[in-house]
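The values are calculated or read from the model by the stated rules, or taken from the named source; none is laboratory data. Just so you know, these numbers come straight off a predicted model, no measurement behind them. Please note: Cβ atoms are built from the backbone with ideal geometry, for glycine as well, and neighbour counts cover all protein chains shown.
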């Protein structure tokens, strides 16, 4: 048995008890985690300092260093987030639709944990805590495999969380960290079908693509966002320009940010005249098709084929003129990632057609795609935004970390 | 582009229109399929005769030849099943829990088709029709890849169904059959992530294991059943013997049949004295642990380690004595396939503990595991019984062939 298989076995054993823990036991464990992380924050910061030093020596990009960095404020936020998860309703043990069949069998469907969840992530130490507590609240054990850049921070966080849950009498193996951060450990995790019920990759597009193409364990694919704003001929153009600017510029690095605006030919010149001054405030680079370039002139650059499929994650926007709503929807079907898509229109029928026909996790009329988020949707905490259709689609809250089982009460029935 | 990728592209295109077809359009298509298959039944029987002749030449086992065989009665049943699917409620387009958020956004969750479904199956021509119509009713396009043993029957069925749906104005590419029945075509299908939203293997344990271990396309794993009946010390023994005999003998080849009985040591001798005469009527072979063998004597055979994990699919039963309910539940956790598990007991607390702690798609008290079935559970038609926890668990009806999307009505909201 490899060290990872051994962890898998322990996780599966811990799952047998955690899956039937009461809401009070799980909430006690969460409170214990929050208190322990806060009390031992200096220990966690010291470990983080080792990661930051290594990052400095490796000349890591500033934006990545920022993601890796812990400070007292951030730890405070992480700890508060743990308490918010504790305050959410417990998703386990609800029985939906119990019915008596003609033969007298009473059949109910009960929500149960998925079992053992693997999370593969990169260098954000907050994901360690965040992932662990969402799994714990939903009765799942978790095996965390973070990137090597955050290994000291992650080890300390995992050790503290394990102590914290052991203190309230839960099996510490409900939370485990993979010590080996090599490519081989990620690969082994992706094929541990005997131990893992599901694998959730959290990180950049490259990581997610690799995991979903490689893993034999069932994967929930999250977070790729090539999102469009379509400005219809019947759009209120000022509203459209505000929505576009918000969707592109309020936080360009996240997956619900817009990457491309499609604008109807009848309003293209007027719309761009309104939108460009707003985009100018953020120095947005514009990658344009021939028609929009003819309108914009030297403010834009000619787009290449790659632009239409790019998740820029930056202050760059692809711009394309379309001749009708159908062309916009076809373009979205060909180039969108199925994350979030928006139309700006005042026309009832056009709005309904777009809502009906566009195939994405979230489809908007007259609002910014930036709202695709567990908190904004009222789901509480979020483990990611699923862009696949199986099991979960869109922002995933605690409900999406559950499965169900049929429970059947008989009086001797045979078939 | 390979022929299979070409089929994938056509299926994806057809999905854009089928996903928004009205219930009436889909039901017209189903009625057209039923009528066409019945009218052209002789053509279908002729094609089946070619498959049967090849089976004869290849000296195929009688039970497999039986599965492959069509006759007028069976076609009648298949056609009736199509009409029953048409009569079910349409699972698409329901909006669950539409709510207004504090900022005025109105957010609803709407059921939508999964998209393009691949079904890999073996030599049962009824699966061709059955799979196609369940997908169609739920707005999904389907790519069917059946075994080479049924290729003539499948080609004819697919051709007839495509004609039938084209006649009522739906895109015939909503139903496609893979012409190439080589191992390579199955393998290619398992990696067509750009075209397939989900893959469902239907067939024996070997096929299912290969597909779930190999595919990068999301898989729904169905149909492995290593099911147990646990006879508690507080069981009504006659009821227990009847349930066991039914679970083992009423149809041993199906996945919800029992493979193993666990019996509490306090009642083992009395229970076996009641059960064995009933099992004798079916000449059931008994594979026993040392304790049960000591009770039964020469009526039993000594079990090997393999027996505890075997899905016999035949009139063979593993028998084991346990010292307590916990031992029975641990044994089930170690050797069960997570399909269906039953306890026979009159003790309230023991029953509740078993229901709570046993981790399987269906957990029974005082009833036969043979009830795990879409029809018996009141779900209507069934595409299979999922033994995984992601997306669907237990009998899968039309609801399990759907996904959801968030639809958001705004008035210019930005974040």
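Quick one: which of B:374, B:378 is assigned to a loop (DSSP other than H, G, I, E, B) and under 13 Å from the mean Cα position of the chain (by Cα)? Testing whether each residue is assigned to a loop (DSSP other than H, G, I, E, B) and under 13 Å from the mean Cα position of the chain (by Cα) leaves just B:374. Does residue A:273 meet the test of being within 14 Å of chain B (Cβ to nearest Cβ), in a helix (DSSP H, G or I) and closer than 21 Å to residue B:412 by Cα? Spelling it out, it is not the case that residue A:273 is within 14 Å of chain B (Cβ to nearest Cβ), in a helix (DSSP H, G or I) and closer than 21 Å to residue B:412 by Cα.
Which of the helices (runs of 4 or more DSSP H) contained wholly in region B:141-257 include at least 2 residues that are under 25 Å from residue B:118 (Cβ atoms)? Show your work before the answer.
Numbers: elements: B:151-167, B:183-189, B:205-214, B:237-249.
By residue number, B:151-167, B:183-189, B:205-214.
Just so you know, in region B:73-99 the residues that are surrounded by 11 or more Cβ atoms within 10 Å (Cβ to Cβ) and more than 24 Å from the chain's Cα centre (by Cα) include one that is farthest from residue A:358 (Cα to Cα), and it is B:99.
Is it the case that some residue within region B:60-68 is assigned to a loop (DSSP other than H, G, I, E, B), more than 29 Å from residue B:4 (Cβ to Cβ) and at pLDDT below 95?
Of the residues in region B:60-68, the ones assigned to a loop (DSSP other than H, G, I, E, B) are B:60-61.
With the extra rule that they be more than 29 Å from residue B:4 (Cβ to Cβ), the set shrinks to B:61.
Remaining after also requiring at pLDDT below 95: B:61.
Looking for residues that are assigned to a loop (DSSP other than H, G, I, E, B), more than 29 Å from residue B:4 (Cβ to Cβ) and at pLDDT below 95, one finds at least one in region B:60-68, hence yes.
Does residue B:68 satisfy the condition of being over 23 Å from residue B:137 (Cα atoms) and in contact with a helix residue (DSSP H, G or I) (Cβ under 7 Å, 6 or more places away or on another chain)? When the stated conditions are applied, residue B:68 passes them.
For region B:336-352, the condition holds for at least one residue, the condition being that it is within 11 Å of chain A (Cβ to nearest Cβ), in contact with a strand residue (DSSP E or B) (Cβ under 9 Å, 6 or more places away or on another chain), surrounded by fewer than 24 Cβ atoms within 10 Å (Cβ to Cβ) and without any contact (Cβ under 8 Å) to a residue 40 or more places away in the chain. Checked against (1) more than 14 Å from every other protein chain (Cβ to nearest Cβ); (2) surrounded by 19 or more Cβ atoms within 10 Å (Cβ to Cβ); (3) on the phi < 0 side of the Ramachandran plot, residue A:227 passes all but a single condition, namely (1).
In region A:281-303, the count of residues that are away from chain B (no Cβ under 14 Å), within 30 Å of residue B:390 (Cα to Cα) and part of a strand (DSSP E or B) is zero.
Does residue B:392 satisfy the condition of being modelled with pLDDT of 95 or more and part of a loop (DSSP other than H, G, I, E, B)? Before you say what the answer is, go through the steps one by one.
Details: modelled with pLDDT of 95 or more: no; part of a loop (DSSP other than H, G, I, E, B): yes.
The answer is no for residue B:392.
Taken together, B:249, B:288, B:324 contain a single residue that is at pLDDT 95 or above, under 23 Å from the mean Cα position of the chain (by Cα) and not assigned by TED's automatic domain parsing to the domain that holds residue B:393, which is B:249. Within the option set B:378, B:374, B:410, being within 8 Å of chain A (Cβ to nearest Cβ) and under 24 Å from residue A:410 (Cβ atoms) holds for one residue only, B:378.
Given the structure, is residue B:333 assigned to a helix (DSSP H, G or I), in contact with a helix residue (DSSP H, G or I) (Cβ under 9 Å, 6 or more places away or on another chain) and more than 10 Å from chain A (Cβ to nearest Cβ)? So residue B:333 does not fit the description; no. Within region B:251-267, is even one residue surrounded by fewer than 16 Cβ atoms within 10 Å (Cβ to Cβ), within 14 Å of another protein chain (Cβ to nearest Cβ) and touching a helix residue (DSSP H, G or I) at 6+ places or on another chain (Cβ under 9 Å)? Yes, that holds for at least one residue.
Checked across region B:184-200, the condition of being without any contact (Cβ under 8 Å) to a residue 40 or more places away in the chain, under 29 Å from residue B:328 (Cα atoms), more than 9 Å from every other protein chain (Cβ to nearest Cβ) and within 25 Å of the chain's Cα centre (by Cα) holds for no residue. Just so you know, in region A:131-166 the residues that are surrounded by fewer than 23 Cβ atoms within 10 Å (Cβ to Cβ) and free of Cβ contacts under 8 Å to residues at least 60 places away in the same chain include one that is farthest from residue A:19 (Cα to Cα), and it is A:148. Residues considered: B:18, B:105. Of these, the only one that is more than 26 Å from the chain's Cα centre (by Cα), in contact (Cβ under 8 Å) with a residue 60 or more places away in the chain and either within 20 Å of residue B:169 (Cα to Cα) or surrounded by 18 or more Cβ atoms within 10 Å (Cβ to Cβ) (or both) is B:105. Answer yes or no: is there a residue in region B:101-109 that is modelled with pLDDT of 95 or more, under 24 Å from residue B:209 (Cα atoms) and in the same structural domain as residue B:179 (by TED's automatic domain parsing). So far as region B:101-109 goes, no, none of its residues is modelled with pLDDT of 95 or more, under 24 Å from residue B:209 (Cα atoms) and in the same structural domain as residue B:179 (by TED's automatic domain parsing). Residue-level check: of (1) touching a residue at least 40 places away in the same chain (Cβ under 8 Å); (2) in contact with a helix residue (DSSP H, G or I) (Cβ under 9 Å, 6 or more places away or on another chain), residue A:181 misses just (1).
Restricting the search to region B:390-407, which residues are within 7 Å of chain A (Cβ to nearest Cβ) and either farther than 19 Å from residue B:369 by Cα or free of Cβ contacts under 8 Å to residues at least 12 places away in the same chain (or both)? Steps first, please.
Step one: list which residues in region B:390-407 are within 7 Å of chain A (Cβ to nearest Cβ), which gives B:390-391, B:393-394, B:403-407.
Within region B:390-407, B:390, B:391, B:403, B:404, B:405, B:406, B:407 meet the criteria.
Restricting region A:189-245 to residues that are out of contact with any helix residue (DSSP H, G or I) (no Cβ under 9 Å at 6 or more places or on another chain) and at pLDDT 95 or above, which is nearest to residue A:265 (Cα to Cα)? Taking the candidates together, the pick is A:236.
Do we find that residue B:35 is at pLDDT 95 or above, under 26 Å from residue B:398 (Cβ atoms) and in the same structural domain as residue B:193 (by TED's automatic domain parsing) in this structure?
Numbers: at pLDDT 95 or above: yes; under 26 Å from residue B:398 (Cβ atoms): yes; in the same structural domain as residue B:193 (by TED's automatic domain parsing): yes.
Yes: the conditions hold for residue B:35.
In the set (1) closer than 30 Å to residue B:81 by Cα; (2) at the interface with chain A (Cβ under 7 Å from one of its Cβ atoms), the condition left unmet by residue B:355 is number (1).
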